[in-house]
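Here, each number is a calculation from the coordinates, and none is a lab measurement. This structure is a prediction, so every number in the text was calculated from the model and none was measured. Here the Cβ positions follow ideal geometry from the backbone for every residue, glycine too, while neighbour counts run over all protein chains shown.
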Amino acid sequence: MTPFTNVIALRSNPQLVSFRNYVLSFYAYDGIYPIEDVSVAKVETAIQDYIKIVTSPKNFFEWGDGDSLDRERVRDLLLKDYHIMKLLSEVSK
């Protein structure tokens, strides 16, 4: 899989658009397992980060064509980002 470094490239790839929609169907506000404050932009960023991980020769992860394992790994990136931002907002109070 070719790394996608911007949203335009991601949005022009039908497989990644389908995967983005699949992730959103689980974790968006109206998804099966909603995550607070998940947006299309956050999911696209997490997908881009995940693609960088799976295309890095230093990692042993492989792209599973947008399967449930890929979705769960993107979810983990979303949760990591969410928890860091929540902690930062609590510290700044």
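For region 7-91, taking Cα atoms only, what is the radius of gyration to one decimal and the Dmax to the nearest whole Å?
12.9, 40
Please list 14-26, 58-70, 31-43 highest first by mean number of surrounding beta-carbon atoms within 10 Å per residue.
Taking the mean over residues of other Cβ atoms within 10 Å, the ranking is 14-26, 31-43, 58-70.
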